[in-house]
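Chemist: Okay, handing you the structure first.
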């Protein structure tokens, strides 16, 4: 089902998205780009990272990333940062996040739809 295989294009896409995410985290402090577009991009980033190293059904990988994103948001709902005593850990607060939002779930789902759509269109162009 899963096979280890390096894919340069997905990995380069991951690196580009990672740089964009870091720049957003460091320099953008607004009410749209950072909270919404950053969350949108993180789904693409995770997808490209996995696809950079795993050869498998692209749609299954996309679903795994969506489930992972939803689980992180659910962890925010449960306030796991506080439960594990990580409220002073900047890295944990940044990676896991600290506040649950229904809007984030919608953003993750929209990013998932974009991934699915992109893969569908790119597969049809090849065939």
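Chemist: Quick one: residue 25 ticks every box in (1) loosely packed, with under 13 Cβ neighbours inside 10 Å; (2) free of Cβ contacts under 8 Å to residues at least 24 places away in the same chain bar one, so which box is it?
Modeler: (2)
Chemist: Being in contact with a strand residue (DSSP E or B) (Cβ under 8 Å, 6 or more places away or on another chain) and modelled with pLDDT of 95 or more is the requirement here; does residue 53 meet it? Working first, answer last.
Modeler: On the way: in contact with a strand residue (DSSP E or B) (Cβ under 8 Å, 6 or more places away or on another chain): yes; modelled with pLDDT of 95 or more: yes.
Yes; evaluated as a whole, the condition is true for this residue.
Chemist: Kindly indicate which of 58, 82, 125 is within 23 Å of residue 7 (Cα to Cα) and exposed (fewer than 14 other Cβ atoms within 10 Å of the Cβ).
Modeler: 125
Chemist: Of the residues that make up the range 23-37, is at least one closer than 18 Å to residue 119 by Cβ and out of contact with any strand residue (DSSP E or B) (no Cβ under 8 Å at 6 or more places or on another chain)?
Modeler: Scanning the range 23-37 turns up no residue that is closer than 18 Å to residue 119 by Cβ and out of contact with any strand residue (DSSP E or B) (no Cβ under 8 Å at 6 or more places or on another chain).
Chemist: For a quick check of your reading of the model, give me the residue pairs whose first member lies in the range 104-127 and is in contact (Cβ under 8 Å) with a residue 60 or more places away in the chain, whose second is outside any helix (DSSP H, G or I), with beta-carbon atoms closer than 9 Å and at least 6 apart or on different chains.
Modeler: Short answer, once both residue conditions are applied: 104/97; 107/101.
Chemist: Condition check: touching a residue at least 12 places away in the same chain (Cβ under 8 Å), farther than 16 Å from residue 97 by Cα and either touching a helix residue (DSSP H, G or I) at 6+ places or on another chain (Cβ under 6 Å) or exposed (fewer than 14 other Cβ atoms within 10 Å of the Cβ) (or both). Does residue 14 satisfy that?
Modeler: For residue 14, the condition - touching a residue at least 12 places away in the same chain (Cβ under 8 Å), farther than 16 Å from residue 97 by Cα and either touching a helix residue (DSSP H, G or I) at 6+ places or on another chain (Cβ under 6 Å) or exposed (fewer than 14 other Cβ atoms within 10 Å of the Cβ) (or both) - is met.
Chemist: For the range 31-41, enumerate the residues that are without any contact (Cβ under 8 Å) to a residue 60 or more places away in the chain and within 14 Å of residue 18 (Cβ to Cβ).
Modeler: 38
Chemist: Could you go through the range 100-108 and let me know if any residue there is surrounded by 14 or more Cβ atoms within 10 Å (Cβ to Cβ), in contact with a helix residue (DSSP H, G or I) (Cβ under 8 Å, 6 or more places away or on another chain) and closer than 24 Å to residue 7 by Cβ.
Modeler: Here is the first cut: in the range 100-108, the ones surrounded by 14 or more Cβ atoms within 10 Å (Cβ to Cβ) are 100-101, 104-105, 107-108.
Checking the rest, the ones that are also in contact with a helix residue (DSSP H, G or I) (Cβ under 8 Å, 6 or more places away or on another chain) come to 100-101, 104-105, 107-108.
When the remaining residues are screened for being closer than 24 Å to residue 7 by Cβ, the result is 108.
Scanning the range 100-108, I find at least one residue that is surrounded by 14 or more Cβ atoms within 10 Å (Cβ to Cβ), in contact with a helix residue (DSSP H, G or I) (Cβ under 8 Å, 6 or more places away or on another chain) and closer than 24 Å to residue 7 by Cβ, so the answer is yes.
The values are calculated or read from the model by the stated rules, or taken from the named source; none is laboratory data. Every value quoted in this text rests on a predicted model; they were computed, and no experiment measured them. Glycine also receives a Cβ, built like all others from the backbone with ideal geometry; neighbour counts cover every protein chain displayed.
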